[in-house]
Amino acid sequence: MQAGYIDLKYLDESGFCAWSGVSYSYSRIKEQKRLEQPKTKAKRLSIIGLLNKGESFEYGLIEGSFDSEVYIKFMDIEAKKAAKQFKETGRVTVIVQDNSSVHRSKLSQAQWNRWHKMGLWLFFLPPYCSELNAIEGEWHQIKMHEISGRMFANEGELKVGVVSAIESRNKKSGMSVEQFSLI
């Protein structure tokens, strides 16, 4: 397809823990850098994100891990947007993603034809080629530059920290941000 006939978006999932390691820091001679850990252990916060380079970042957060049902719910939201765009402009939406078992499950595959008819196409990257997925760079920036070395006492604080990091990151880049409820 020619330039301008598609919207190219990059999808991936990632996760955040209540405390993250320090990537680089200074400390006094003969002293080790210490971060106090909270007494209780917060659950992992998982994120599914969709990057339209230079334009938008869409995401949803859940506690725990993703499964096919959550992925399909997120993709159904995107398919509705793609259908509207296709009807108004004739442009299709192409989502680039890895070969996660969630993306290729039988439940997910059963949706592919329906999404395709709505103007949403899927493009699967070759195995072990995460560097081809532009959203990987966003995860790196958020984890290493926005929340690196921070400790969160519970899931609520972690969620606020991640949302603030995403908004800060995207404010710097000028992209719009949209958060979806996946519950």
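The values are calculated or read from the model by the stated rules, or taken from the named source; none is laboratory data. Bear in mind the structure is a predicted one, so any value in this text is a computation, not a measurement. Methodologically, a virtual Cβ is constructed for each residue, glycine included, from the backbone with ideal geometry; neighbour enumeration extends over all protein chains shown.
The table below gives the values:
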| read-out | value |
| --- | --- |
| Any hit, the stretch 50-71, residues being among the aromatic types (Phe, Trp, Tyr), surrounded by 13 or more Cβ atoms within 10 Å (Cβ to Cβ), modelled with pLDDT of 80 or more and farther than 25 Å from residue 140 by Cβ | no |
| Test set (1) at pLDDT below 75; (2) polar (S, T, N, Q); (3) in contact with a helix residue (DSSP H, G or I) (Cβ under 7 Å, 6 or more places away or on another chain) - residue 14 fails condition number | (1) |
| Residue within the stretch 128-143 that is aromatic (Phe, Trp, Tyr) and either without any contact (Cβ under 8 Å) to a residue 12 or more places away in the chain or touching a Lys or Arg at 6+ places or on another chain (Cβ under 8 Å) (or both) present | yes |
| Residue in the stretch 79-101 that is at pLDDT 95 or above, touching a Phe, Trp or Tyr at 6+ places or on another chain (Cβ under 9 Å), closer than 19 Å to residue 181 by Cα and surrounded by 13 or more Cβ atoms within 10 Å (Cβ to Cβ) present | yes |
| Residues of the stretch 154-183 satisfying the condition of being part of a helix (DSSP H, G or I), within 25 Å of residue 54 (Cβ to Cβ) and among the charged types (D, E, K, R) | 167, 169, 171, 172 |
| The stretch 4-24 residues that are buried (at least 17 other Cβ atoms within 10 Å of the Cβ), paired with ones that are at pLDDT below 65 and charged (D, E, K, R) (beta carbon under 9 Å, 6 or more apart) | 18/41 |
| Criterion: touching a Lys or Arg at 6+ places or on another chain (Cβ under 6 Å) and modelled with pLDDT under 65 - qualifying residue of 25, 20 | 25 |
| Restricting the stretch 75-109 to residues that are part of a helix (DSSP H, G or I) and among the basic types (Lys, Arg), the residue that is nearest to residue 125 (Cα to Cα) | 104 |
